Structure formats: structure tokens, C-alpha cells
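The values are calculated or read from the model by the stated rules, or taken from the named source; none is laboratory data. Not measured: the values here are computed from a predicted model. Here the Cβ positions follow ideal geometry from the backbone for every residue, glycine too, while neighbour counts run over all protein chains shown. For accessibility, only protein heavy atoms count, side chains too; no ligands or nucleic acids. Shrake-Rupley method; radii C 1.70, N 1.55, O 1.52, S 1.80 Å.
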Amino acid sequence: MNILHIICKYDTVFFVDAVKFNGEIGETRLFGLQEVISKKIPVTISTHGEDIIKVINLAKELYKKPTKVFFFGVNPSNTDYGTELTRELK
């Protein structure tokens, strides 16, 4: 929810995060919002807080922005909790 007041200022928003997909470790891929919505697996516990899709939809409802949303994903080798990159991603 902390980013709601930021993303509603822009027509186009890019998010960058680790995204598990069928690819090589460290491979990158650009996803559109509809692709993320259709393939997203619900998570009950997240270090990100509120579900990003809900925050985006709220911004669109309240402010009519952003109109374009993209997710730039980096395929991780490990999604355990931590603050360091794995050797492969470094």
C-alpha cells in the first residue's frame, strides 16, 4: 500500500523483482499486467505486504492511473528469505 501514492502519478509503471518462470537462472523476462494476473499463484505470506495486483487495481479505480503496467522479472535460483544475491545471480 505504500506505493499507491507513487504509482497513481504515472501512466506507465515498471516493477522489477524476482519471478520464478521456466527459464535459466538469471534470465530476464518482461511481463504485461494481464499475463501476471492470469498466471499469478496466490500467496498468503509475502515480504511485500499487500498483493501488488490489488494495489494496482485500487490505483486504477481511484486515480485512473497507471494505464500501462509491466513486470521485469529475473528468474532466481533461490527464493529463500535473505538479502544477498546467490552466486549464480551475482
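Within region 61-90, the set of residues being assigned to a strand (DSSP E or B) and closer than 23 Å to L4 by Cα comprises K68, V69, F70, F71, F72, G73.
Residue count for region 6-26, restricted to those that are free of Cβ contacts under 8 Å to residues at least 40 places away in the same chain and in a loop (DSSP other than H, G, I, E, B): 1. Within region 27-38, being more than 10 Å from the chain's Cα centre (by Cα) and assigned to a helix (DSSP H, G or I) holds for Q34, E35, I37, S38.
Screening region 68-90 for residues that are open to solvent by less than 100 Å² (accessible area, probe 1.4 Å) and of a type in the set (F, W, Y) and picking the one that is farthest from D17 (Cα to Cα) gives F70.
Checked against the criteria, L58 does not count as part of a strand (DSSP E or B) and either at pLDDT 85 or above or open to solvent by 60 Å² or more (accessible area, probe 1.4 Å) (or both).
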